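Just dropping this structure here.
The values are calculated or read from the model by the stated rules, or taken from the named source; none is laboratory data. Please read all numbers here as calculations on a predicted model, not as lab measurements. A quick note on method: Cβ atoms are made from the backbone with ideal geometry, for glycine too, and the neighbour counts reach across all protein chains shown. In case anyone asks, the SASA skips ligands and DNA or RNA and just uses the protein heavy atoms, side chains included. Shrake-Rupley method; radii C 1.70, N 1.55, O 1.52, S 1.80 Å.
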Amino acid sequence: MSVEVDVMLQEAKESIEAAQNYRSELQQRLQGLNQARKQVRGSSGQAREALRRHFTELQAATSQLLTERLAALLAEVDAIEADSVKPLDDCQSLIEHGVGQADELLREGEAALRCGLGEKEDKLGSFTKKAMHIQLDSLPEVPALVDVPCVSAQLDDSLLGLLRERVTRLGSVSSHPPVQIEELQERPGGTLVRWCKVDEDFAAADYRLQYRRSGSGGSQYEDAYIGRDCEFLVLHLDPHTDYLFRVCARGEGRTEWSPWSIPQTGYTTLAPHEWCPGTEGYILSSRRNIALRSDSSQSRCPVLYSNAPTYFCGQTLTFKMSAAGPMDRRDSLGVCVDSGRGEESLQRDQAVCISTNGAVFVNGKEMTNQLPAITVGSAVTFDMEVVNLFPISNNNLSEGGNFKLRVTIGSGNREVVFDWLVDQAVDCLFFGCSFVHSGWKVLVF
């Protein structure tokens, strides 16, 4: 009986634990539902506010434009009226003056006819002279109605139809943005952001990526990239710090951007790649990720190494050339096991590199395969993965052995792939460069 009780107790404990786990899972799902509901309600409120603000501004601007246009047209009517009425007023004044003279002449003539015989000759003579002076046969010309302005307003009724058509197509409401962030990968001192279209009917011409520090109320989103690619490496990020990333798109033939994607949080735990300061012949940028070969020496070609072994297998290491000097076969860009001081080139043992002329060296030996020569704008990439680990004592990497890495070096539109055998197991590597002549400028990331 005790055995059965123990079994029942065990089953009861398992059921209680299962119930606790079930409750925990349900509570997590409730939290997810609350977040989803918050996103729906929050985004709906923002959309309403954006619509009201836009249409209010549009109404005010349209009313202002119509008011200004009406005032301009009324001013034109006033100007035409003033210019046209003035000569008519002048003509009216002239005619009224003539009417006054004619009335006065009529009164004098009638008085001359009524006077006695003694005065009649003098008054008739005076009347005749005044009549000749007035020139009763000269009349001012009054313009015909066809010769004076008849002001009218021409209004295009089609504007209302065009406006109605455009307004019915103004704006849109979507439940999902056409693009979403697909993946965030941490990189040394940065984050690689990849995105994709989720609306197959949306024809994207350009994408726009923005980011900002998370949890900072005053922080504003900054543009990181605008272009046609669907991925971008955002550099100069502080390690162990959360950043928010969002992306939108612009349709073919459109000027406005689509709604933003849902912001995604990303971060990097990897320290940024930096060149080692203090190396003779090189000037470094403030972030130490750009190196300039400043002094030319034919007798010595110093190697500039990384400040620490920050390159790990599985990552992509990129050298970007922003300036170029004269080529020399001893030049090198590459990766090495250690930062050997005093070396004049990476064309040595325990290192793989490419020269500026495109030659590839493995442990100091030149390969038959060659890549394009390095010029301004060239990007040289190194990718490595562990292929095989030969027997090592006590299965401990730190105790030595033979380590094989598969290396892919890319430059231009070509790449070479080979296996690199090193004499010790490593989990991180140095990188470096060497240039005989000045003028070379290289960014590492």
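With the other protein chains left in place, how much accessible area per residue, in square angstrom, belongs to the stretch 179-268 at a 1.4 angstrom probe?
On the way: 4750 Å² over 90 residues.
Accessible area per residue: 53 Å².
If you don't mind, there's one more thing I want to ask. Output the 0 to 90 degree angle, nearest 10, between the alpha-carbon long axis of helix 2-114 and the longest principal axis computed from the alpha carbons of the chain.
20 degrees
Using just the C-alpha positions of the chain as equal point scatterers, what log10 of I(q)/I(0) does the Debye formula give at each q in 0.07 1/Å?
Those come out to -0.66, one per q.
Any idea what angle helix 158-168 forms with the longest principal axis of the chain, computed on alpha-carbon atoms, 0 to 90 degrees, nearest 10?
Between helix and principal axis, roughly 20 degrees.
While we're here: Please tell me the relative contact order of the stretch 180-321 in percent, rounded to the nearest whole number, where contacts are Cα pairs under 8 Å and at least six residues apart.
Values: 277 pairs, mean separation 32.8, N = 142.
Relative contact order for the stretch 180-321 comes out at 23 percent.
Taking amide hydrogens as modeled 1.01 Å from N in the peptide plane, which residues meet the under 5 Å criterion relative to ASP331, leaving out close sequence neighbours?
The answer is THR356, VAL436.
Normalised by the residues of the chain, what does the relative contact order come to in percent, with Cα pairs under 8 Å and at least six apart? Show your work: numbers first, answer last.
Numbers: 755 pairs, mean separation 50.4, N = 445.
Relative CO of the chain lands at 11 percent.
Quick one: how many Å² of SER411 are accessible to a 1.4 Å probe, rounded to 10?
For SER411, solvent-accessible area is about 0 Å².
When the accessible area of the stretch 179-268 is computed with all protein chains present and a 1.4 Å probe, what percentage of it is carbon and sulfur? Display every interim value, and only then the final one.
Working: 1980 of 4750 Å².
After summing per-atom areas, the C and S share lands at 42 percent.
Between helix 117-134 and the chain, what is the angle of the helix's C-alpha long axis to the longest principal axis, kept within 0 to 90° and rounded to the nearest 10?
20 degrees
For the stretch 166-193 and the stretch 237-253, what is the centre-to-centre distance using only Cα atoms, to the nearest Å?
Value for the Cα centre distance between the two parts: 8 Å.
Oh, and also: Can you run the Rg to Rh ratio on the stretch 179-268? Use alpha carbon positions and the Kirkwood inverse-distance Rh.
Values: Rg = 13.0 Å, Rh = 13.3 Å.
Rg/Rh for the stretch 179-268 comes to 0.98.
Provide the solvent-accessible area of LYS130, counting protein heavy atoms only and rolling a 1.4 Å probe, rounded to the nearest 10 Å².
70 Å²
Relative contact order (percent) for the stretch 145-263, with alpha-carbon contacts under 8 angstrom and 6 or more residues of separation? Intermediate values should be presented prior to the final figure.
Numbers: 191 pairs, mean separation 32.0, N = 119.
Result for the stretch 145-263 is 27 percent.
Taking amide H positions as placed 1.01 Å from N in the peptide plane, with prolines and chain starts having none, which residues 5 or more places from ASP242, or on another chain, fall under 5 Å of its amide H?
Sorted by chain and number, the residues that satisfy this are SER214.
Continuing with this model, one more query. Could you check the simple spin-label distance between THR316 and SER158, using points 7 Å along Cα→Cβ, in nm with one decimal?
Between THR316 and SER158, the simple spin-label model gives 5.3 nm.
Which distance in nm do the two modelled labels at LEU9 and ASP199 give, with both placed 7 Å along the Cα-to-Cβ direction?
Going from the LEU9 label point to the ASP199 one covers 6.3 nm.
Ok, one more. Mind jotting down the distance between the C-alpha centroids of the stretch 46-114 and the stretch 323-337, whole Å?
Value for the Cα centre distance between the two parts: 83 Å.
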